[in-house]
Every structure is written in C-alpha cells, then in structure tokens.
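First the structure, in the form of structure tokens, and then the observations on it.
The values are calculated or read from the model by the stated rules, or taken from the named source; none is laboratory data. All figures in this text were calculated on a predicted structure; none of them were measured in a lab. Note: ideal-geometry Cβ built from the backbone for every residue, glycine included; neighbour counts use all protein chains shown. Surface areas here come from the heavy atoms of the whole protein model, side chains and all, with no ligands, DNA or RNA. Shrake-Rupley method; radii C 1.70, N 1.55, O 1.52, S 1.80 Å.
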Amino acid sequence: MFSDSEIQKFRSLKTPFYYYDMGLLQETLDEVKTHGLSKGYHVHYAIKANFNFEILELIKEAGLGIDCVSGKEIERALEAGFDPEQIAFAGVGKTDDEIKTGLDADIFSFNCESLQEIEVLNSLAAETGKVANVSVRLNPNVEAKTHKYITTGLTENKFGVNPENLPELFIKLPDYKYINLTGIHFHIGSQIRDLQPYIDLCKKVNMIQDMFERNEIYLTHVNVGGGYGVNYEDPDGEPIPDFESFFNVFDEHLKLRDNQQVHFELGRSIVGQSGNLISKVLFIKEGITTNFAIIDAGMTELIRPALYQASHHVDVLTSTKPEKTYDVVGPICESSDTFRNGISLPEIERGDLVAIRTSGAYGEVMSSGFNLREKVPAYYSDEI
Ligand code: LLP
C-alpha cells in the first residue's frame, strides 16, 4: 500500500499524523461520478466525515454538493467555495443562530427533523422575509444492520419525523407562508455494507411518496441520505466501495415522479479509505496472554475502536520479521484505548512505524484534547 519513498518520508516526520492518499480520493470520486452523477443523481458530501480544505477542494472539483449538520459546517462549506444551492442542512437540534446562518446563505434545503422545527424555521424565515426550502426528514423505521450507535432510522432513534405525524404537517402547511416544502429526506444509519436495508428504504420512500401525492403535494426531490460502508478488514482488497451496485439499487427500486431529483449524502464511502493514521511504536511489553505494542497514537486521534468497537486494519510499515501476536494499544489512560486485540503482525520493535488504515472518515474530525494531547498534523500524498 505505501511506497518505499513514502515510508522513508514518514520516518522523517514527527508522529503521529494523518496521511491522506489524494490519488485514491480522486479515483473514488471518479467512481461516484461514473455511477452516480452520470445518472443525474445529486451527491452531497457529508462534511462531518472530514472537513479538511485539501479534501473539500477535490470533492468540489468533482461536482458534489455538501451535507451539513451545524452552522459551522455551513460556514466551512461556503469558505471552501461550495455553491449554497448545493448545501443541505440536517440535524435534530439546530439553534436559531444556525438556522439564520442557513437562511442568510440561501441554502438548497433545510432537512427538518421535527414539526416544531418547521414552525420555528417558518417564524425565523418570516423575520428575514425569505422563503426557506424544506425537506422533511422522515424516520422510515428501517433496520440498517449496523452498530446500534450509528443506526438512525428506527422508531427508537431521535432522528426524523414519524410518518404517523405527517397528517398534522399537511394540515399546518398552508399556514406556513415562509416554508416551501420541496422534498423528503431519509438517513437510516452509517457503515451499511449490506444493500438490503437500502432496498427496504426505497419501498418505504415509495409508500411515503404516495401519502404526499394523496395530499396533492408535489416534491421536487427525494434525499435518501448516506451511510454506505467501507471495507475496514481489507482496505487494499477493496479500496473503493462498489458504487455501481449501490446506485443501481435506487435506480431499480425507487418509483420517481416526473422530473423528480434523487439526492444522496455520502461521507465515509468517499473519504474513509483515503486516510491513514501513522504512528510510532513507543514500547513493547510482554503480557501474560499477549504482547502489547504501545503506540504514540490513541483514542484521541481515532476514537472509533473505543466508541463503536470498530476494528481498523493495522499495517507494520518497517518490519518484515516473522509474525507474533499483539494487542495494539494507545497511550491514553483508558482501557478502551485499544486499536486491536490479539492480531498477528510482523515482530515489532520500539521505533517501528504502523499505519492504522481507513481513518479518513470520522478520524481527524473526532479527535480530542483529552489528557491535554495536542492536535496532530495532516499530510497529503500530493504534497510530500
Ligand atoms: N446524512 C446524515 C443526516 C448523517 O447524519 C450522516 C452521518 C451522513 C449523511 C453520512 O453518513 P456516512 O455516509 O458517512 O455513513 N462517527 C460514526 C459515524 C456517524 C455518522 C453520523 N451521520 C463512525 O465513526 O462510524
């Protein structure tokens, strides 16, 4: 995966750091273009996954829009040069200030997650004299078959309006003079590797569209969210997710009305495989049942293993010795600060470099200053 010259360069840099493969990001975007944009689909990149300007630049060049979940994310997208008409704004708890940021920017759509939010948006829009475009985020009660912390489309989850509450919206809608209801929005969860949940989602979307039609509401677009997963076990075997199969599901199963657009909000599947966390081995400690490889990156740089029991592939970059069994752990004072348990790796010594793979999404953006750790730098393959 890494060339000798890259590893040579890594040796001269202070660790830990994030390293982004911009060639792979470009190839991934090309696949999204070939299988998604070419069908007329609109793809908003979920900026929460990684908001580095270098990464946003390639994504913007590829013609994607942005999906935001905070006012600061809207500001970031605008600063990166994205067209407000390609910005969608979701989130269950938008503050008045954040709503005003979206109104000021004339964004494409507020993805509203409760009836009260729509009412508040109507009043705030009235103050500005603007009419806000709204998509109602609906909770389709579809099982995404992923970790429960990143499941969002079940009745028990806090996200979206239950379809049972739509009749109330249909009654109130004519009173909302500053709301233009243009679409419906869904997002059932993240790291979804099986396509069946998306087929189930399409069936629910079709039923819900019928409800709108019965109420004579024409929707210009349907936003089916993101959530498509990546291969954490074998990043070199599957560096780019199978976007052809993904987009085909919607092609086959969504029943669209005339001139209706389909929107997606993909985060992890776009940037996940392009990022790596490069770290140095500080100490080797022989344990009773395993050997601990204690590295200088921790849950402060990549919280996914500690938070979601996620398993990221680990490569040793500087050893080709026979394998031994290791627990790869960080330096933070938490037992959950463990990247992998009991894995076979070439024998490691103090000073060896390791790469924690598939760290491009929800890695750097979720970093923290716990233990007063400093933010670590990012490097890009086209710069070093
Ligand atoms: N749209 C909405 C409304 C979302 O909430 C999300 C992610 C996305 C799109 C993009 O989902 P993606 O395509 O990246 O799966 N920190 C967790 C993931 C949290 C995802 C939150 N919402 C993790 O590291 O697994």
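Please enumerate the residues belonging to region 232-282 that are part of a strand (DSSP E or B), among the hydrophobic types (A, V, I, L, M, F, W, C) and in the same structural domain as Pro197 (by TED's automatic domain parsing).
Val262, Phe264, Leu266
Within region 138-164, being part of a helix (DSSP H, G or I) and open to solvent by 60 Å² or more (accessible area, probe 1.4 Å) holds for Lys148, Tyr149, Glu164. Cβ separations smaller than 8 Å between residues 6+ apart or across chains give the following pairs from region 319-336 residues that are under 20 Å from Arg357 (Cα atoms) and among the hydroxyl-bearing types (Ser, Thr, Tyr) to residues that are open to solvent by less than 50 Å² (accessible area, probe 1.4 Å) and assigned to a loop (DSSP other than H, G, I, E, B): Ser319/Ile348; Ser319/Asp352; Thr325/Thr290; Tyr326/Thr290; Tyr326/Ile348; Ser336/Met299.
Residues that are within 16 Å of the ligand (Cβ to nearest atom), within 27 Å of Tyr380 (Cα to Cα) and out of contact with any Leu (no Cβ under 8 Å at 6 or more places or on another chain) within region 258-297 comprise Phe264, Glu265, Leu266, Gly267, Arg268, Ser269, Gly272, Gly275, Asn276, listed in sequence order.
Scanning region 324-367 for residues that are assigned to a loop (DSSP other than H, G, I, E, B), over 30 Å from Gln26 (Cα atoms) and of a type in the set (Val, Ile, Thr) gives Ile332, Ile348.
Of all the criteria given as (1) assigned by TED's automatic domain parsing to the domain that holds His44; (2) under 30 Å from Thr358 (Cα atoms); (3) surrounded by fewer than 21 Cβ atoms within 10 Å (Cβ to Cβ), the one not satisfied by Lys285 is (1). The one condition from (1) more than 25 Å from Gly267 (Cα to Cα); (2) touching a Leu at 6+ places or on another chain (Cβ under 9 Å); (3) β-branched (Val, Ile, Thr) that Ile184 does not meet is (1). All of Glu383, Glu286, Glu334 fail the test of being modelled with pLDDT of 95 or more and of a type in the set (Asp, Glu), apart from Glu334. The criterion of at least 2 residues that are more than 16 Å from the ligand (Cβ to nearest atom) and surrounded by fewer than 20 Cβ atoms within 10 Å (Cβ to Cβ) is met by none of the strands (runs of 3 or more DSSP E) falling completely within region 1-104.
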